[in-house]
Amino acid sequence: MYLTLDIGNTRRKFALFNALGNVVENGVVENLTELTGLLPVLNGVAYCNVTGSVPQGLDQFQCPITELRFGSKLPFLIDYETPDKLGSDRLAAAAGAAVSFPGQNVLIVDAGTCLKLDWVDEKGVFHGGSISPGLQMRYKALESFTGKLPLVEDEREVQWPGKSTRDSILAGVRLGFLAEVETRINEIESQNPGITVVLTGGDAPVLAERLKNRIFVEPLLIHKGLFHCLLLNEN
């Protein structure tokens, strides 16, 4: 069995793969020590980490551990001016796209703490993309950087125009978030007809309903990329 860990700014997610590359279990934990005693004997662990600190609890795994970073063996090439600064989550997502959609132009939409759009072309070259605040970050920014605006919880049903401060924030944040993604996809598709759009990340469901029929939803894209990178870096 192989374990992959996506250690993000907000959550710590795990997936357990068998030797054939099939996911047999996945979930979210507050701390890696929660996995103690719950997993079978592991052949290897691969992780990406964007927190800037050393993950606590890695020492419990008595097997080879691979941290995905610039310099790791990857199933794609990089066309990026500062590859050493690329987030390991973006590397893992690009790896997942490259192995899941070989020979295709792929636009990755990762709706997590940050909203990241990245492009891997049909030749397996990563070209970079864009980073902007994620959905929850936008709500928190309005509350944190103003004197009177409240922190609003996201809701599915939103109307414009908002008839209250709360509804106006919902309309501005959620509808703006959706419009940003939809506009960027339309622009990229106009330049790359037939591009494959893959949606992942914690807020993927917010986008999936609006963009249905146009995208592939792959919640475990990063984990699939980590698994393949783990195998590449075993030797």
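No value in this document is a laboratory result; all are computed from the given coordinates. The shown structure was predicted, so the numbers you read here are calculated from the model rather than taken from an experiment. As a convention, Cβ positions derive from the backbone with ideal geometry for all residues, glycine included, and neighbour counts pool all protein chains shown.
Treating only the Cβ of Lys, Arg, Asp and Glu as charged (+1, +1, -1, -1), what charge dipole size does the chain show about its Cα centre? Round to the nearest 20 debye.
The calculated dipole for the chain is roughly 260 debye.
How far is helix 135-144 tilted, in degrees, relative to the longest principal axis of the Cα atoms in the chain, given as a value from 0 to 90 rounded to the nearest 10?
Helix 135-144 and the main axis of the chain meet at about 60 degrees.
Can you quote the Å³ per residue value for the convex hull of the Cα atoms in the stretch 176-235, rounded to an integer? Mind dumping the intermediate values first?
Details: hull volume 6.1 nm³, N = 60.
So the per-residue hull volume is 102 Å³.
Compute the acute angle (0 to 90°) between the alpha-carbon long axis of helix 88-100 and the principal axis of greatest extent of the alpha-carbon atoms of the chain; round to the nearest 10°.
The angle comes out near 80 degrees.
Which angle between 0 and 90 degrees, to the nearest 10, do you get for helix 176-191 versus the longest principal axis of the chain when only C-alpha atoms count?
The angle comes out near 70 degrees.
As a test of the formula, what do you get for the chain when each DSSP H run with n ≥ 4 contributes -39,500 (n - 2.57) and the sum is divided by the residue count, at 222 nm and rounded to the nearest 500 deg cm²/dmol?
-8500 deg cm²/dmol
Identify all lysines with a Cα-Cα distance to Lys13 below 26 Å; exclude those on the same chain that are fewer than 8 residues away in sequence.
List returned: Lys73, Lys85, Lys116, Lys140, Lys212, Lys224.
Rounded to the nearest 0.05, what FRET efficiency do Gln191 and Thr36 give with R0 = 45 Å and r taken as the Cβ-Cβ distance? Could you check?
Calculated value: 0.40.
For the stretch 12-117, build the charge dipole from Cβ charges (+1 Lys, Arg; -1 Asp, Glu) around the Cα centre, then report which of Phe101, Leu32, Pro55 sits farthest towards its positive end.
My answer, from the dipole projection, is Phe101.
Label points 7 Å out from Cα along the Cβ direction at Asp79 and Ala171: separation in nm?
Here the answer is 4.2 nm between the modelled labels.
Report, in debye and to the nearest 20, how large the dipole of the stretch 110-205 comes out about its Cα centre when Lys and Arg carry +1 and Asp and Glu carry -1 on their Cβ. All intermediate terms of the calculation are to be shown ahead of the outcome.
Working: 10 positive and 15 negative charges, 79 e Å.
Around 380 debye, computed over the stretch 110-205.
Less than 9 Å Cβ to Cβ from Ala93, Lys/Arg counted +1 and Asp/Glu -1: what total charge do the surrounding residues give?
So the surrounding residues net to -1.
Among Ala141, Ala111, Tyr80, whose Cα lies farthest out toward the positive end of the dipole of the chain, if unit charges sit on the beta carbon of Lys, Arg (+1) and Asp, Glu (-1)?
Ala141
Between Arg214 and Trp160, what FRET efficiency comes out of the Förster formula 1/(1 + (r/R0)^6) with R0 = 30 Å and r the beta carbon distance, rounded to 0.05?
Efficiency, rounded to the nearest 0.05: 0.85.
Net charge within 10 Å of Thr4 by Cβ-Cβ distance, Lys/Arg positive one each and Asp/Glu negative one each, not counting Thr4 itself? Walk me through the intermediate numbers first.
Details: positive: Lys13, Lys224; negative: Asp6.
Local net charge: +1.
Could you work out, for the stretch 71-196, what percent of all Cα-Cα pairs fall into each 10 Å distance bin, beginning at 0 Å and stopping at the bin that holds the largest distance?
In order of increasing distance, the bins hold 12, 35, 27, 19, 7, 0 percent.
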